[in-house]
């Protein structure tokens with residue numbers, strides 16, 4: 001990946017959309033520009049968990065403005081990330097297609113714990129260096145992330161299904177703030193926190209830090225209205241809580257420092273933070289200027305500087321699932337070579353595609369640790385459902401599909417393979433690499449010539465080598481049939497010259 005002097009992050013949060021542009025100096029990113037719009041995407045979810053049209057239009061208009069600011073950026077210098085609302089919305093995919101067109105860049109939807117990791121990365125780069133363990137709490141529009149980390153390394157990550165938008169709509173939807181509604185909201189939040197209390201309560205960390213607009217808005221309201229000073233404390237929260245209940249209606253609340261766009265989501269955020277203080281026994285919370293968008297920038301910087309968290313995750317998975325590293329290397333090398341031959345006329349292959357082949361080659365056998373029979377399905381299930389730091393949900397899904405497609409039935413996975421030429425080229429390259437290295441040895445392979453024209457693949461092989469390898473001949477006949485069933489023609493003329501003899505049964 002080339003070096004870039006400027007990077008950009010786009011955060012499609014459930015409350016606000018952010019665009020952060022930063023200048024790269026060594027291993028640091030210095031802010032150049034920042035855009036924020038209170039889209040309130042989470043408020044657009046109806047009872048059926050579908051984004052309504054008005055909210056979609058508001059979001060797309062915002063992304064078009066962001067797209068103008070990012071016009072001319074290389075696609076590798078921009079990372080756009082969607083969070084909780086786009087994780088749960090049933091019509092997220094059609095919306096994302098329109099959103100990507102408006103922004104001009106791909107948009108990833110990240111899992112909750114990946115969101116937590118990126119938040120911690122942003123916060124840790126904004127705080128003074130320290131060996132202390134820090135508790136980081138980020139209250140977003142649709143979810144709340146809780147992290148314990150030391151230095152730049154997160155140690156425990158959780159994402160909880162509660163946010164300032166969702167809780168404000170659920171408990172304060174009419175704008176009324178009563179003692180009973182506040183108590184209900186706090187109890188609901190405490191119930192969400194209960195499963196993580198043992199691992200995140202005081203004693204597991206030395207300093208508590210809050211991030212994101214909700215925490216900053218609460219801190220500003222406490223300080224500017226004389227409810228406290230020097231961060232957020234239980235006493236300050238209690239005074240703020242009493243102030244809202246006395247007013248009884250958010251339209252009547254008068255608070256210095258509270259921005260108009262924060263008013264509708266303010267009581268939900270207050271209830272959640274009160275619950276965090278109670279359940280995790282927090283006595284003081286400092287506020288950080290870092291947030292997920294800064295974390296996205298630093299994660300992107302790592303990719304540019306060849307310190308990609310995804311590579312770290314893949315290495316950890318190989319170790320965890322006891323992958324045969326030599327076999328992974330064999331399969332990867334041949335898959336690379338075959339893919340390059342298939343795309344030779346198109347010029348230099350896309351780096352993202354080559355990276356995908358590398359990851360798939362390293363992880364295609366992790367399912368063997370579950371069971372050998374159908375291990376490709378086990379591998380795919382793990383990759384699609386496990387927490388994989390650095391990967392978006394879409395990246396995990398694509399990787400899972402590629403791994404599942406590397407052997408056995410293509411028909412069962414064909415519907416999930418995008419009809420994009422690069423994906424089918426990746427599939428056949430990985431399948432052939434695994435097939436030819438079935439012996440799991442460094443035995444020399446014959447020269448392989450592979451070409452593609454539309455839905456026709458042609459492979460040229462040495463007939464003499466084929467004659468000496470009847471197991472491979474049988475496997476290639478089966479492979480031809482598999483491709484035929486999904487509408488592709490795989491032609492290997494030399495097979496017709498080889499006498500295979502009795503069929504050899506291949507193990508399932």
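Residue 270 passes every criterion in (1) closer than 20 Å to residue 214 by Cα; (2) buried (at least 24 other Cβ atoms within 10 Å of the Cβ); (3) touching a strand residue (DSSP E or B) at 6+ places or on another chain (Cβ under 8 Å) apart from (3).
Kindly provide the set of residues from the range 97-108 that are surrounded by 14 or more Cβ atoms within 10 Å (Cβ to Cβ) and out of contact with any helix residue (DSSP H, G or I) (no Cβ under 7 Å at 6 or more places or on another chain), ordered by number. Residue satisfying the conditions is 100 alone.
Filter the range 245-267 for residues that are buried (at least 22 other Cβ atoms within 10 Å of the Cβ) and more than 13 Å from residue 220 (Cβ to Cβ) and give the result.
265, 267
Determine whether residue 368 is touching a helix residue (DSSP H, G or I) at 6+ places or on another chain (Cβ under 7 Å), assigned by TED's automatic domain parsing to the domain that holds residue 331 and within 18 Å of residue 328 (Cα to Cα).
Details: touching a helix residue (DSSP H, G or I) at 6+ places or on another chain (Cβ under 7 Å): yes; assigned by TED's automatic domain parsing to the domain that holds residue 331: yes; within 18 Å of residue 328 (Cα to Cα): yes.
Against the criterion (touching a helix residue (DSSP H, G or I) at 6+ places or on another chain (Cβ under 7 Å), assigned by TED's automatic domain parsing to the domain that holds residue 331 and within 18 Å of residue 328 (Cα to Cα)), residue 368 qualifies.
Within the group 435, 471, which residue is farther than 30 Å from residue 156 by Cβ and in contact with a helix residue (DSSP H, G or I) (Cβ under 7 Å, 6 or more places away or on another chain)?
Details: 471 fails: in contact with a helix residue (DSSP H, G or I) (Cβ under 7 Å, 6 or more places away or on another chain).
Answer to the check: 435.
Scanning the range 18-52 for residues that are part of a strand (DSSP E or B) and closer than 19 Å to residue 161 by Cα yields 45, 51. Exactly one residue among 289, 302 is at pLDDT below 95 and either in a strand (DSSP E or B) or more than 18 Å from the chain's Cα centre (by Cα) (or both), and that residue is 289.
Table: residues versus (1) in the same structural domain as residue 339 (by TED's automatic domain parsing); (2) out of contact with any strand residue (DSSP E or B) (no Cβ under 7 Å at 6 or more places or on another chain); (3) touching a residue at least 60 places away in the same chain (Cβ under 8 Å); (4) not in a helix (DSSP H, G or I).
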| site | (1), (2), (3), (4) |
| --- | --- |
| 433 | yes, yes, yes, no |
| 441 | yes, yes, no, yes |
| 452 | no, yes, yes, yes |
| 459 | no, no, no, yes |
| 464 | no, yes, no, no |
| 473 | no, yes, no, no |
| 483 | no, no, yes, no |
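Being surrounded by fewer than 24 Cβ atoms within 10 Å (Cβ to Cβ) and either closer than 18 Å to residue 387 by Cα or in contact (Cβ under 8 Å) with a residue 12 or more places away in the chain (or both): is that true of residue 122 here?
no
Of the residues making up the range 386-426, those that are at pLDDT 95 or above, more than 14 Å from residue 363 (Cα to Cα) and in a helix (DSSP H, G or I) are 424, 425, 426.
State yes or no: is residue 390 in the same structural domain as residue 428 (by TED's automatic domain parsing), on the phi > 0 side of the Ramachandran plot and in contact with a helix residue (DSSP H, G or I) (Cβ under 7 Å, 6 or more places away or on another chain)? Judged against the criteria, residue 390 is a match.
Okay, residues lined up against (1) assigned to a helix (DSSP H, G or I); (2) under 30 Å from residue 206 (Cα atoms); (3) at pLDDT 95 or above:
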{"site": "257", "(1), (2), (3)": "no, yes, no"}
{"site": "282", "(1), (2), (3)": "no, yes, yes"}
{"site": "297", "(1), (2), (3)": "yes, yes, yes"}
{"site": "315", "(1), (2), (3)": "yes, no, yes"}
{"site": "331", "(1), (2), (3)": "yes, no, yes"}
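The condition (being within 30 Å of residue 129 (Cβ to Cβ) and either outside the structural domain of residue 45 (by TED's automatic domain parsing) or surrounded by 18 or more Cβ atoms within 10 Å (Cβ to Cβ) (or both)) is satisfied by just one residue among 204, 225: 204.
Considering the range 99-123 alone, what residues qualify as being farther than 20 Å from residue 8 by Cα and part of a helix (DSSP H, G or I)? 112, 113, listed by residue number.
There is at least one residue in the range 79-90 that is over 17 Å from residue 14 (Cβ atoms), in contact with a strand residue (DSSP E or B) (Cβ under 8 Å, 6 or more places away or on another chain) and at pLDDT 95 or above. Residue 65 passes every criterion in (1) over 21 Å from the mean Cα position of the chain (by Cα); (2) exposed (fewer than 13 other Cβ atoms within 10 Å of the Cβ); (3) over 24 Å from residue 263 (Cα atoms) apart from (2).
Free of Cβ contacts under 8 Å to residues at least 24 places away in the same chain and surrounded by fewer than 21 Cβ atoms within 10 Å (Cβ to Cβ): is that true of residue 344 in this structure?
Values: free of Cβ contacts under 8 Å to residues at least 24 places away in the same chain: yes; surrounded by fewer than 21 Cβ atoms within 10 Å (Cβ to Cβ): yes.
Here the answer is yes, as residue 344 does meet what is asked.
The values are calculated or read from the model by the stated rules, or taken from the named source; none is laboratory data. Computed from a predicted structure; not experimentally measured. Cβ: placed from backbone, ideal geometry, glycine included. Neighbour counts: every protein chain shown.
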